[in-house]
Each structure stands twice: as C-alpha cells, then as structure tokens.
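Have a look at the structure below, then the notes.
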Amino acid sequence: MKRQQGVALTRQVPYIRLPGIYRNNIMSNSDFGLIGLAVMGQNLVLNVESRGFQVSVYNRTTSAMEEFVAQHPDKKIVGEETLEGFVNSLASPRKIMIMVKAGGPVDAVIESLLPLLDKGDIIIDGGNSLYTDTERRDKWLGDLGFRFIGAGVSGGEEGARKGPSIMPGGPTSTWDVMKPIFESISAKVDGEPCVTHIGTGGAGHYVKMIHNGIEYGDMQLICEAYNIFKAAGFTPEELATVFTDWNNGDLESYLIQITAKIFEQNDPETGNALVDVILDTAGQKGTGKWTLINAVENAVVISTINAAVEARILSSMKDKRVTASVILQGPKAEITTDKKDLVKKVHDALFASKIISYAQGLDLITAMGEEKGWGLDLAKIAAIWRGGCIIRARFLNDITDAYRKDPKLSNLMLAPFFTDLLNGFQQNWREVISIATLAGIPVPAFSASLGYYDSYRSAVLPANLLQAQRDFFGAHTYERTDKPRGEFFHTNWPDVIG
Ligand code: 6PG
C-alpha cells in the first residue's frame, strides 16, 4: 500500500553540496551510520542525531536520501551517494546500522560493505531478522575480524523516533562499545534505559521474535474482547470509553491505548467509525510463525500465541468464511449480558489470558536460553519491555518484580502476585468464554489460554488413556500409578481386526 505523505516534499535544499556528499554544514567524521532510509531508518537517524551524535546515511535509492537530508537542514546528518563515501565518512571503529528488509537484503548490504570496512568495525542489524540468520552472520563476520550485533528494535515509527526498546545480541565487548549510543536513544522507564545486552549470537533477535509473538497474542486477545462487545451492541464511542478506562487501570498498555484511539477515529469518506470500514483480513510478516516453529522445536506450549497466529490465518481466508457463513449453522451472535457486568468480566478474561500468554512466551525464552547457553536474565528482559516497545504495559513492572524476586521462577503463573490475580479472575474468565461460545463468537485465544491454565493446574490429566491407546496399537508401553517412575509395562491387548 502506498504511504500517504501528507506533506509535499520540497526540493529547495539549504545544505552545501560537495561532490557526492550531502552535508548539513558538517566536516567531521560521523559517530554513527545508518543504511536503509525507510520510515524506521529515518526515525532512528533523527533519534540518534537528537542525542548529540552526528549520523551518516546511505540509501540504495539516492533520491530518498537526498529528500531526507533536505528535510532536516539543521541536523548533523551527512548524506552519501555512494557506499564508499558513506563508509569513509564514519569515525573509527565504524558503527553501521542496517535497517533493510529481513533476509536476503541484509546479506546483500553486508556483502557490499565488507570490502570497504576495517577489522573491528561494527555492523548492527536492526531489522526483524530470523535469529538463526543472525547466528550465521555473527559467525561469518566474526571469523573475518568484524564485529556484529543483531538488535531487535521495537516501538514502530514513533518509538524509533522518540525512544524504542532495543534488544541487542552479540559479543559483550561489542555491546560495551555500542552501549552509550543504545542507552541514549532508547526509551527510559524510571530513568532506566530500555536496552540491555540480551546475550551472545542471535539472542537479541530471538528475544525480539518472542516479543512479537507476545504482541500477536496481546492483539488477538484485544480483538476477541472487541468482538464480544460488538455482539453486545457496544458502539464505537462506548468501546473507546471502555478501552480508555482500561488504559487508566491495571490493563494500561500501549496496545490498549491505541485501541481506544482507533475507536475514536472516523472515516472521512463515510463519516462512520473507521474501524467498521476496515476489511477483516489480517496481515503478518512472519515473526509469529517463527515463534510457533521454535516453540514446537523446544516442546514448549505457547497456545495463546498459536491461537493468535492461526486467527490471523483464518481471518485472511475471507472468501471461504463468507461462503461458509451461510452453510454452517450456529447461534445468533448476540450477547444480552448487562453491559457494565460484561465489561468487568471481559476485563478479567482478557487480563487472565494475557498473563497466560506472557507466561508461555517467557517459558519459551527460558527453555531456549538454557538450550543455547545464552544466560538470559528474564527480569532484565521484562524490564526493557516496560517502555518503548509495542507490548509495553503497566503489568511488565510486576513481571519484572516477579523475576527479580525469583530469577528461577518456573512459570509466571506461580509468582504469588500473578497466582492471586489468576485465582481472582478465573471465574469471570470461564463465564466470558461460555457467553461467547453460546453466542457462537470465536474466542480462540481466550479459550487456548484457559485450556493451558486448566491443564497446567490439573494433577491428573487423561493421558493415562492416551498411553493405553499407544500401547494398544504400537506396544509403546506405559508407566503405572502404583509403581515407581521409570518402570515400563506392556499389556497384551485383544485383537480387533477380523
Ligand atoms: C515492533 C513491531 C514491528 C512490526 C511487526 C509487525 O516491535 O515494533 O513488532 O517489529 O510492526 O513486525 O509484524 P506483523 O506484520 O507480522 O504484524
């Protein structure tokens, strides 16, 4: 989709043009370089520059670079037409951030940079790269004597400009060099910068991937709450009020805040609420899917995030859904519960499900951190998610506290603060899922979260029968409740075929 610029770009450029160089009256070497002037890249440059650093920029399409530099005549931004000029404009050791599309484009930029760099120069990949790509690049560049940081950067356009949450991975010695810049450009919460050295290799991009999985979960849970309210006849104005109230309470978070704003937005064309004219098919770039694949590989349950990814997939099957909507039967999607009562119940269901989603995401981080020997610090990770990033939320303070008190916490649900919340919410949570289910309203993420909660707290599950089935058809053996663990038994089950 083409981006609306809103403002016409001027070509009256007040900078001094040197051969191949677009300088805003600057002659010294730059502290930082950035390649890739899409919106995130541009905003990061402005952010870095605003903290007192001089920044060189390069973009494959020169006109985009020229326009960007021209728009900021008073800033210490050096635009370069060539990669050679860009590299030469940087102070040593060079610190070059790449903000291009994940995958092949990152490798292509690195390949073209390498012949121009000196050993010890630092390349930072600030895109949403797959952590395994980051591990490969870390080894590749490390073997050649260069330094590499794979940094997850969260916060969207506004965060990039005003202060994102940054999740850098790579060697500690390289982090030490980058720390002053990262700390100055990141968001701050209680004076603490929302950046920390996550771990070596691909740890930073890995944690950003899980952040995004959690982001998917949060967004889907909000959408399910919205769907329930819609069936209960809430108008966009009423929805804006509910979400604004929630944002003033314990559910305070960026995603709840922007949801309230979305309900307030009118469509200039029709005069109706904009949300009502937006087509119900969700896009996704892949980080949620990567999170699921990694969870399966680690045998960690992330059912809330799973439901969120699958909900996006189902939403994208618009034509099939429209066809099925007049073939497959269900109840009338109508909820008659008292509105005030419903708001309280849905609040509890949403909050409980959100706790589960984070419990699962953090569980996966723990498992993977152990597997890779990254030495991840969950309290620090939760702390840097308190500000700047898309999932920033008041309750991340409580998650941070929980891990500060008990770094070896086996599951977030078992931290006393969250246990109390879940115990308090669970009845309304069940009621909301029942109300929605009886009205035929899909609540896959609410249900998956409750299913996890109920499974996790079940001392006995029906897997005894499952083991019997496995033993029946495949002699896979089973353990007995009345014998020590580790002793396996087999039964000669009756034949059932002819
Ligand atoms: C962030 C966001 C950002 C991006 C998502 C969108 O933390 O700033 O997560 O990285 O908006 O990747 O992802 P989808 O297109 O998959 O929704």
Exercise for the section: Keeping to the range 372-394, report how many residues are in a helix (DSSP H, G or I) and surrounded by 21 or more Cβ atoms within 10 Å (Cβ to Cβ). Expected result: 5
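Yes/no per residue for (1) touching a Phe, Trp or Tyr at 6+ places or on another chain (Cβ under 8 Å); (2) modelled with pLDDT of 95 or more; (3) outside any helix (DSSP H, G or I):
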residue	(1), (2), (3)
Met1	no, no, yes
Leu37	yes, yes, yes
Gly52	no, yes, yes
Val69	yes, yes, no
Practice task
From Ser186, Ser154, Ser165, grab the single residue that is within 24 Å of Ala91 (Cα to Cα) and either within 15 Å of the ligand (Cβ to nearest atom) or without any contact (Cβ under 8 Å) to a residue 12 or more places away in the chain (or both).
Solution key: Ser186
Completion exercise
Scanning the range 318-336 residue by residue, those more than 18 Å from Val443 (Cα to Cα) and acidic (Asp, Glu) turn out to be Asp319
Fill in the blank from the handout: When restricted to Ile356, Ile313, the only residue touching a helix residue (DSSP H, G or I) at 6+ places or on another chain (Cβ under 8 Å) and either touching a residue at least 40 places away in the same chain (Cβ under 8 Å) or surrounded by 12 or more Cβ atoms within 10 Å (Cβ to Cβ) (or both) is Ile356
Practice task
Hey, can you tell me all the residues within the range 71-106 that are among the charged types (D, E, K, R), over 32 Å from the mean Cα position of the chain (by Cα), farther than 18 Å from Asp121 by Cα and surrounded by fewer than 16 Cβ atoms within 10 Å (Cβ to Cβ)?
Solution key: Asp74
Completion exercise
Of the residues in the range 371-427, those that are within 16 Å of the ligand (Cβ to nearest atom) and at negative phi number 12
Practice task
Under 7 Å between Cβ atoms, at least 6 apart or on separate chains: pull out the pairs that start in the range 390-406 with a residue that is of a type in the set (Gly, Ala, Ser) and end on any residue that is part of a loop (DSSP other than H, G, I, E, B) and away from the ligand (no atom under 16 Å from the Cβ).
Solution key: Ala393/Glu252; Ala402/Leu409; Ala402/Ala415
Exercise for the section: Evaluate the range 338-361: report whether one residue or more is assigned by TED's automatic domain parsing to the domain that holds Gln427, closer than 29 Å to Thr241 by Cβ, within 16 Å of the ligand (Cβ to nearest atom) and touching a Gly at 6+ places or on another chain (Cβ under 6 Å). Expected result: yes
Problem - Criterion (away from the ligand (no atom under 16 Å from the Cβ) and within 15 Å of Leu130 (Cβ to Cβ)) met by exactly one of Glu192, Glu297, Glu238 - result: Glu297
Fill in the blank from the handout: Checked Leu83, Leu114 against criteria (modelled with pLDDT of 95 or more and out of contact with any helix residue (DSSP H, G or I) (no Cβ under 7 Å at 6 or more places or on another chain)); the one match is Leu114
Practice task
Quick one: which residue in Asp471, Asp495 is assigned to a loop (DSSP other than H, G, I, E, B) and either over 27 Å from Asp363 (Cβ atoms) or at pLDDT below 95 (or both)?
Solution key: Asp495
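The values are calculated or read from the model by the stated rules, or taken from the named source; none is laboratory data. Just so it is clear, the model here is predicted, and its values are computed rather than measured. Positions of Cβ are generated from backbone atoms using ideal geometry, with glycine treated the same way; all protein chains shown enter the neighbour counts.
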